[in-house]
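What follows is a short report on a single structure.
The values are calculated or read from the model by the stated rules, or taken from the named source; none is laboratory data. As the structure is a computational prediction, the values presented were derived from the model and not from experiment. Cβ: placed from backbone, ideal geometry, glycine included. Neighbour counts: every protein chain shown. For accessibility, only protein heavy atoms count, side chains too; no ligands or nucleic acids. Shrake-Rupley method; radii C 1.70, N 1.55, O 1.52, S 1.80 Å.
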Amino acid sequence: MMERWKGRVALVTGASVGIGAAVARALVQHGMKVVGCARSVDKIEKLAAECQSAGYSGTLIPYKCDLCNEEEILSMFSAIKTLHQGVDVCINNAGLAHNEPLLSGKTDGWRNMIDVNILALAICTREAYQSMKERHVDDGHIININSMGGHRMVPSADEHFYCATKYAVTAMTEGLRQELREAKTHIRATCISPGIVETEFAFRHHNSDPERAAAVYESIKCLKAEDIASAVTYVLSAPAHVQIGDVQMRPVEQVF
């Protein structure tokens, strides 16, 4: 069922490492034109070369974009329209966490999480939908990479504000589904909520304590970025009449 996506355009945010890179690779492998964006595109350029060398039927197009800047997001969508007609699939993957508890956290850290985890996701969703609407694309798909932290509170003060932003993603995905239904479109919305995934996330989150970050991944057999990429292709492969609203996935050994 991925055949119908061959040659069509997907945007993957936060595509330089981890889940975003794995998703971009998988979609290129299935023949899609993938615009992979991040603040730095060096790693995406390397990934694009790897995909080409592997003989994948799709292409990966690196695009430098700071998702905290709405003008840069709008400029990116304008460039995609000019060069590739528009977006058919939008994978809102970019996200981050700072160690900023509710009782003692710094406002700048909270604001950065809101800007990336909530506002950038909302802006990309709006612009992707408008791109589909103006081209009469009725089978597009918007997939939000959420977190199990968007469904239950992690028992750690360092994660509480981050979880709040992910609860927002859960609510926004359901709101989006309802608005798409009211618009009488067959564009679908899906939320994929992983538990612990072994990526660079913990090392960025606990950047002042690499031993603590490493311990997160050593405690259990974690999910891999490729597991989430497989979930994305599963969702995209669903028949046109099937709406997969929320995929929750976590390691078998994860306790919370």
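So how tilted is helix 225-237 from the main axis of the chain? Cα-based, degrees 0 to 90, rounded to 10. Taking the Cα atoms of the chain, the angle to 225-237 is about 40 degrees. Taking GluC sites (Glu not before Pro) as exposed when DSSP calls them loop and at most 15 other C-beta atoms lie within 10 angstrom, the chain has its longest site-free stretch at 1-199.
Summing Cβ point charges (Lys, Arg +1; Asp, Glu -1) relative to the Cα centre of the chain gives a dipole of roughly 620 debye. Taking only alpha carbon atoms, the range 1-123 gives an Rg to Rh ratio of 1.03, where Rh is the Kirkwood radius. One way to sum up the overall shape of the range 181-244 is the equivalent ellipsoid from its Cα gyration tensor, whose semi-axes run 34, 13, 7 Å, largest first.
Please report the spacing between the Cα centers of the range 53-97 and the range 197-256 in Å, no decimals. First find each Cα centre; the distance between them is then 22 Å. Annotation: amide H-H contacts under 5 Å for Ser193 (H modelled 1.01 Å from N, sequence separation of 5 or more, or interchain): Asn146, Val247, Gln248, Met249. Residues in the range 213-236, backbone N under 11 Å from the label point at Ala54 (7 Å along the Cα-to-beta-carbon vector): list them, ranges by number please. Once the point is set 7 Å along Cα→Cβ of Ala54, 226 turn out to lie under 11 Å by backbone N, inside the range 213-236. Tally up the carbon and sulfur contribution to the accessible surface of the chain as a whole percent, 1.4 Å probe, everything protein left in place. Carbon plus sulfur share of accessible area: 53 percent. Here the sum of -39500 (n - 2.57) over DSSP H runs of 4 or more residues, divided by the residues of the chain, equals -13500 deg cm²/dmol at 222 nm, to the nearest 500. Summarising the label geometry, the points placed 7 Å from Cα in the beta-carbon direction at Val242 and Ala79 lie 3.6 nm from one another.
With each label modelled as a point 7 angstrom along the Cα→C-beta vector, the Glu182-Glu72 pair spans 3.3 nm. Packing, taken as the mean count of other beta carbons within 10 Å per residue, orders the peptides 103-110, 15-22 from highest to lowest as 15-22, 103-110.
Each of Gly55, Tyr167, Phe256 was placed along the dipole of the chain (beta-carbon charges, centred on the mean Cα), and the one lying farthest toward the positive end is Gly55.
Accessible surface calculations at 1.4 Å, restricted to protein heavy atoms, place the chain at 48 Å² per residue. Bridgeable aspartates and glutamates around Lys221 (alpha carbons under 19 Å apart, same-chain partners fewer than 8 residues away excluded): Glu198, Glu200, Glu211, Glu253.
Return the FRET efficiency for the residue pair Lys221, His136: r is the Cβ-Cβ distance, R0 is 41 Å, and the value is rounded to the nearest 0.05. So the FRET efficiency works out to roughly 0.35.
The angle between the Cα long axis of helix 42-53 and the main principal axis of the chain comes to about 50°, on a 0 to 90 degree scale.
Under the shape rule built on the C-alpha gyration tensor, where the axes satisfy a ≥ b ≥ c, the range 100-169 is oblate, since a/c reaches at least 1.5 while a/b does not exceed b/c. Counting only alpha carbon atoms, the long axis of helix 160-182 and the longest principal axis of the chain meet at about 30°. A 1.4 Å probe over all protein chains sorts Leu11, Leu176, Leu119, Leu83 by accessible area into Leu83, Leu119, Leu176, Leu11, starting with the largest.
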